[in-house]
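Reviewing the structure listed below.
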Amino acid sequence: MFIDESVIQVKAGAGGNGCYAHDRQKYRPKGRPSGGNGGRGGHIYIEGDPQLHTLQDCAYRKSYKAARGQHGKGSNKYGKDAEDVVIYVPLGTIVSNDNTAEILYDCLEPGQRVLIARGGRGGRGNAALATPRDPNPDQAEFGKPGEEKRVRLILKVLADVGLVGRPNAGKSTFLARISRAHPKIADYPFTTIQPHLGIVGLEGEYESFVVADIPGLIEGSHTGKGLGIRFLRHIERTRVLAIMVESTSENPKKDAETLLNELAEYSPTLAAKPACYFLTKSDLVEPANLKLPHDWLALSSVTGQGVTEALHRLRQLVAKTEPVSEADESPLF
Ligand SMILES: Nc1nc2c(ncn2[C@@H]2O[C@H](COP(=O)(O)OP(=O)(O)OP(=O)(O)O)[C@@H](O)[C@H]2O)c(=O)[nH]1
Ligand SMILES: [Mg+2]
């Protein structure tokens, strides 16, 4: 299951208590203070993992706790620090404090780890607390509590190109043709109910790019019709759009306009992204009858006609478009 949002509770470990103890020496009832410090409680970290594509694990688990530090012991023995806990999330996950809406981290780089809840410091034992003025303190410290937070995770998949079109326009078929992705394809609307990513490598080119296939858009999607527009967050971070209209359309330009209007209802910046325009399923219409607007390209994912040219156009547009900056994105809440 594809889950792109989840609220989890995280609780870092408390510090271990400091120990209250004394050396035992012959003929002296109470020797020097020798209680060790407690260990630090476990921290909680978040790390982006390129192997993950959904927040399913987090949504299922809901709460993450790190252990408390070991208590200090006599004979100046320190308690051990507790083990840290790492929560792995897909790249593109935005981590925020659910109470304050403060953004804690935007996981964009694989392997980078950030602290989201700090473990409590261990308490000092009476040995560490002893000073020349007070050589024999009458107690040790307790460990400090660990931080606790409600954390909201929101996934916005990272891709270069977002496929936009009505249901059944042939978006998933196109993705399957150009990459190794296997999205579900069928002759009915709303076949795609969750985003799919495909990696496209072009012959003779070093860099590949990532294409995101999302559910179809219809007039009124922004009012909740069809599958709504919640999934549009997944193309907010793409650099460019591929607008796909079926060749059988009476008025391709008008259909593209309708799609852009729905995008604009979600976010004007999304609708303003640079785009390539494609007439899909060109094999279904006699070439002479194709209503191909200026600058559009006709393609067929069945015969392969126009597909390579489409990829070159997308590749070029991606290359000359700056990556999306955070300021362009719609608010999280
Ligand atoms: N003849 C022909 N049929 C196509 C072509 N591309 C897609 N189809 C067919 O059109 C139907 C819909 O294709 P999909 O790729 O599932 O369409 P979609 O845009 O992903 O649809 P949703 O996921 O519902 O939004 C399927 O039956 C495909 O086999 C094409 O180039 N030529
Ligand atoms: Mg589809």
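The values are calculated or read from the model by the stated rules, or taken from the named source; none is laboratory data. A quick note: this is a predicted structure, and the numbers were derived from the prediction, not measured. No Cβ is skipped: glycine too gets one built from the backbone with ideal geometry, and neighbour counts run over all protein chains shown.
Just one of the numbered conditions (1) surrounded by fewer than 15 Cβ atoms within 10 Å (Cβ to Cβ); (2) closer than 22 Å to Leu259 by Cβ; (3) charged (D, E, K, R) is not true of Arg166: (1).
Could you check the range 256-271 and list, in sequence order, the residues that are crowded, with 20+ Cβ neighbours inside 10 Å and of a type outside the set (Ser, Thr, Tyr)? Of everything in the range 256-271, those that are crowded, with 20+ Cβ neighbours inside 10 Å and of a type outside the set (Ser, Thr, Tyr) turn out to be Ala256, Leu259, Glu262, Leu263, Leu270. Give the residue that is farthest from ligand 2 (Cβ to nearest atom), with candidates limited to residues of the range 194-212 that are in a loop (DSSP other than H, G, I, E, B) and in contact (Cβ under 8 Å) with a residue 60 or more places away in the chain. Once the filter is applied, the top-ranked residue is Glu205. Taken over the range 151-191, the residue count meeting the criterion of being out of contact with any Asp or Glu (no Cβ under 6 Å at 6 or more places or on another chain) and near ligand 1 (Cβ under 6 Å from one of its atoms) is 11. Being of a type in the set (Val, Ile, Thr), in contact with a Lys or Arg (Cβ under 7 Å, 6 or more places away or on another chain) and surrounded by 20 or more Cβ atoms within 10 Å (Cβ to Cβ): is that true of Val245 here? Against the criterion (of a type in the set (Val, Ile, Thr), in contact with a Lys or Arg (Cβ under 7 Å, 6 or more places away or on another chain) and surrounded by 20 or more Cβ atoms within 10 Å (Cβ to Cβ)), Val245 does not qualify. Scanning the range 293-313 for residues that are without any contact (Cβ under 8 Å) to a residue 60 or more places away in the chain and part of a loop (DSSP other than H, G, I, E, B) returns Pro293, His294, Asp295, Trp296, Ser300, Thr303, Gln305, Gly306.
Do we have Ile199 as within 19 Å of Thr303 (Cβ to Cβ), outside the structural domain of Pro90 (by TED's automatic domain parsing) and not small (Gly, Ala, Ser) here? No; evaluated as a whole, the condition is false for this residue.
Scanning the range 151-185 for residues that are within 26 Å of Glu250 (Cβ to Cβ) and assigned to a loop (DSSP other than H, G, I, E, B), we see that the one that is farthest from ligand 2 (Cβ to nearest atom) is Arg166.
To keep it simple, each residue is scored yes or no on (1) among the small types (Gly, Ala, Ser); (2) surrounded by fewer than 21 Cβ atoms within 10 Å (Cβ to Cβ); (3) in contact with a Lys or Arg (Cβ under 7 Å, 6 or more places away or on another chain); (4) outside the structural domain of Leu317 (by TED's automatic domain parsing).
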| residue | (1), (2), (3), (4) |
| --- | --- |
| Gly119 | yes, no, yes, yes |
| Arg124 | no, no, no, yes |
| Ala140 | yes, no, yes, yes |
| Glu148 | no, yes, yes, yes |
